[in-house]
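The values are calculated or read from the model by the stated rules, or taken from the named source; none is laboratory data. Quick caveat, the model's predicted, so the values are computed rather than measured. Virtual Cβ from ideal backbone geometry, glycine too; neighbours counted across all protein chains shown.
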Amino acid sequence: MKTTRQFVVCALALLLAGALPANATVPYTLPKDAPAAVSLIDHLHTELRSKDALRRQNALADVMALAACSASCTISFRSLPGKTLQIENEMGVGTVIDLTALLPDLKRIYYTDRSDQDRLQALDALLTIGNEQSLEQLITTPARSSAHVREMTQRGVARYFMDKYPTLKKRAYQQRGTLSLDDVERARQQHKRMMRRTAQRG
């Protein structure tokens with residue numbers, strides 16, 4: 001019987017059973033010449049740190065595909081040709097695989113890569129994963145990059161926070177064309193107050 005190249009993650013069952021912790025990774029079968037016990041996250045970590053631009057780009061595409069999957073999907077890995085991952089997330093909330101361990105690698109590419117294409121891919125992955133602390137860092141520590149990357153960063157981060165905290169749409173960004181951490185923090189606190197009032201009303 002041929003070795004299967006497809007991995008099935010029954011997210012609903014795992015979540016209900018409490019068997020999928022926040023830092024869970026999905027194991028997969030590596031090529032014969034690779035270490036046997038390496039996880040998917042470890043593999044992507046290695047590829048994102050590769051000196052080969054194509055390997056980094058393939059890994060970035062895989063991270064984006066994983067981060068964007070919030071329902072049922074089948075991912076064909078670019079960094080592992082011929083390998084696929086089938087995800088069944090019937091709850092349709094969040095992602096099955098926690099990618100936060102890859103945030104330092106994505107930020108390193110965003111801040112230091114020579115290619116605007118790679119920087120923008122890393123930015124897209126950061127925005128899709130949606131870790132607020134990492135996105136706030138993009139505001140406080142701008143990258144030394146092209147004007148195009150800076151503009152796409154400002155637009156992407158502003159769009160992320162305005163979608164999450166709609167009150168920002170009526171405030172500083174639209175008035176000044178910029179977004180500060182103070183703007184985000186005010187909107188966050190207002191959101192928390194609204195949530196508390198809603199919970200109290202029952």
For a quick check of your reading: which helices (runs of 4 or more DSSP H) sit entirely within segment 83-202 and have at least 1 residues that are among the hydrophobic types (A, V, I, L, M, F, W, C) and at pLDDT 90 or above?
103-112, 116-129, 132-140, 147-164
For a quick check of your reading of the model, give me the residue pairs whose first member lies in segment 100-116 and is within 16 Å of Asn58 (Cα to Cα), whose second is aromatic (Phe, Trp, Tyr) and modelled with pLDDT of 95 or more, with beta-carbon atoms closer than 7 Å and at least 6 apart or on different chains.
none
Selection count, segment 64-80, where residues are in a loop (DSSP other than H, G, I, E, B) and at pLDDT 90 or above
4
Per the filter on segment 51-69, residues buried (at least 16 other Cβ atoms within 10 Å of the Cβ) and farther than 17 Å from Ile41 by Cβ are Gln57
